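Novice: If you scroll down you'll find the structure; I have some questions about it.
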Amino acid sequence: MPAADDSEPTLDVTVAGAPPARQASGGGTLAGNLHSSAPLAVRMRPRTLDELAGQRHLLATGAPLRRLVEGDQAMSLLLWGPPGTGKTTIASIVSGQTGRHFVEVSAVAAGIKEVRAAIDVARRRLSTTGEETVLFVDEVHRFSKAQQDALLPGVENRWVTLVAATTENPFFSVISPLLSRSLLLTLEPLTDEDVGGVVDAALADERGLGGAFALADDARDHLLRLAGGDARRALTYLEAAAGAAQAAGLDKVDLATTETAVDRAAVRYDRQGDQHYDVTSAFIKSIRGSDADAALHYLARMIEAGEDPRFIARRLVILASEDIGLADPTALTTAVAAAQAVQLIGMPEGRLNLAQATIALSVAPKSNAVITAIEAASADVRRGLAGSVPPHLRDAHYPGAKKVGHGTSYAYAHDAPYGVAEQQYAPDELLDAEYYRPTSHGAEAAVKERWERVRRIVRGR
């Protein structure tokens, strides 16, 4: 792994109080990354695509990223994914494996002046030495439209290979001209298996801890739960735990040392075991029982243990119909909105959306009339009570339909008083079936009153 070339002209990309942009010469190594005191997550940054954790959809033979790197093509990338999934690493690999100069600009610190300066230096380097530049812009969604516009000349003229990273939906946060000129790659959250592989490699690799420490199984599980799919966070916690073990004269990182080092108690929660099912069950039953405080407790336990927030959101969406239904018609809207918000913004902020939905569903009036109705209807169908569709309800749009009596006596509901016509809708076998039995809870009380009147009119009672 080549060291940074100290003779390389530097670019002072700064704003007031902000550090300069990080650079590296061909080879893609960020300046200063090779010293032993560099953070473990930096020292362990993958150097090749084969070392990259997860993202198998991007690394398959013939996939765009592999063709870009191995084919040494000049193409700008827009990387969209959660924190710790390898966006900065991919930029470094693109630089290192293609022999390009690497420059990083943070959208938090740099302005238009700094962006233009970076592109100007890259253009001069290209014209004088022929060396191409990878310009990595982290958190590009934080750039204003004008700042993103400043990137366009460098991208259009290929003075730089732009690699821009964002944790937010680029279709909302990145200008269309930049989107259209870049290859959008979506990075998926890392699995526990992916992050576990990163942790194991850091324990053994000479760039990492070099086999100096063993890691207890329960401590490893704790680190993976806390990481929540973020490889960088996992390595940061591992480094802290190893430092604590070293200070205590230990050569094994145990659970107690890990809890002390990262200041987080281990939550007894196994996402594939009894705790997962028990806590989830208690969460659902607490909401069903209208105890918002207990529901929030179980929600917090799941979140702190690293439960997939999308799983929690899905359970809330199901509960909104199963346990609330038309007693509060807004419950399903609230749950779906929370699920979409979690998908859009991710964690940890998504916990606010989950908490809001949990509280709203807990205090909402309850009714299980929806699930009772569909279960009863399904039971009749399974028993063979399907019956023929009444002739007047059958499709009458094809030639000859009326000759066989299809649709001839159909009563158009809008022509009847109150928009409700007396008419047989169910098959003969189910004329007296009553599946939906609304409660008198919340908004469903009004539904009940109307449904009973409507059913009497429809059935001629």
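Novice: Please go through the stretch 367-378 and pick out each residue that is within 10 Å of residue 323 (Cβ to Cβ) and either of a type in the set (S, T, N, Q) or in the same structural domain as residue 444 (by TED's automatic domain parsing) (or both).
Specialist: Correct list: 367, 368.
Novice: When you check residue 96 against the structure, is it closer than 14 Å to residue 178 by Cβ and part of a helix (DSSP H, G or I), yes or no?
Specialist: no
Novice: May I ask you to verify whether residue 67 is out of contact with any helix residue (DSSP H, G or I) (no Cβ under 8 Å at 6 or more places or on another chain) and at pLDDT below 80?
Specialist: For residue 67, the condition - out of contact with any helix residue (DSSP H, G or I) (no Cβ under 8 Å at 6 or more places or on another chain) and at pLDDT below 80 - is met.
Novice: What is the residue count in the stretch 301-345 for residues that are modelled with pLDDT under 90 and among the small types (Gly, Ala, Ser)?
Specialist: 2
Each row is one residue, and each column tells you yes or no for (1) touching a Gly at 6+ places or on another chain (Cβ under 7 Å); (2) farther than 28 Å from residue 262 by Cα; (3) hydrophobic (A, V, I, L, M, F, W, C).
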| site | (1), (2), (3) |
| --- | --- |
| 286 | no, yes, no |
| 309 | yes, no, no |
| 318 | no, yes, yes |
| 325 | no, yes, no |
| 338 | no, yes, yes |
| 351 | no, no, no |
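Novice: Under the condition of being under 21 Å from residue 431 (Cα atoms), of a type in the set (A, V, I, L, M) and in contact with a Phe, Trp or Tyr (Cβ under 8 Å, 6 or more places away or on another chain), which residue from the stretch 371-410 is modelled with the lowest pLDDT?
Specialist: Taking the candidates together, the pick is 393.
Novice: Still on this model: Keeping to the stretch 337-362, report how many residues are touching a helix residue (DSSP H, G or I) at 6+ places or on another chain (Cβ under 6 Å) and either part of a loop (DSSP other than H, G, I, E, B) or of a type outside the set (S, T, N, Q) (or both).
Specialist: Total meeting the criteria: 12.
Novice: Out of everything in the stretch 318-333 that is surrounded by fewer than 21 Cβ atoms within 10 Å (Cβ to Cβ) and without any contact (Cβ under 8 Å) to a residue 40 or more places away in the chain, what residue ends up being farthest from residue 81 (Cα to Cα)?
Specialist: Checked the stretch 318-333; the qualifying residue farthest from residue 81 (Cα to Cα) is 330.
Novice: While we're here: So residue 67 passes all but one of these: (1) part of a helix (DSSP H, G or I); (2) within 25 Å of residue 229 (Cβ to Cβ). Which condition number does it fail?
Specialist: (2)
Novice: Can you name every residue in the stretch 214-245 that is crowded, with 19+ Cβ neighbours inside 10 Å and assigned to a loop (DSSP other than H, G, I, E, B)?
Specialist: Those that are crowded, with 19+ Cβ neighbours inside 10 Å and assigned to a loop (DSSP other than H, G, I, E, B): 228, 229, 230.
Novice: Next question, about the same structure. Among (1) assigned to a helix (DSSP H, G or I); (2) hydrophobic (A, V, I, L, M, F, W, C); (3) touching a Ser or Thr at 6+ places or on another chain (Cβ under 9 Å), there is one condition residue 202 misses while meeting the rest; what is its number?
Specialist: Evaluating residue 202 over (1) assigned to a helix (DSSP H, G or I); (2) hydrophobic (A, V, I, L, M, F, W, C); (3) touching a Ser or Thr at 6+ places or on another chain (Cβ under 9 Å) leaves (3) as the failure.
Novice: Being on the phi > 0 side of the Ramachandran plot and either assigned by TED's automatic domain parsing to the domain that holds residue 79 or over 21 Å from the mean Cα position of the chain (by Cα) (or both) narrows it down to one of 116, 142, 158, so name that one.
Specialist: 158
The values are calculated or read from the model by the stated rules, or taken from the named source; none is laboratory data. All values reported here derive from a predicted model rather than from experimental measurement. For neighbour counting, all protein chains shown are included, and Cβ atoms are generated from backbone atoms with ideal geometry for every residue, glycine included.
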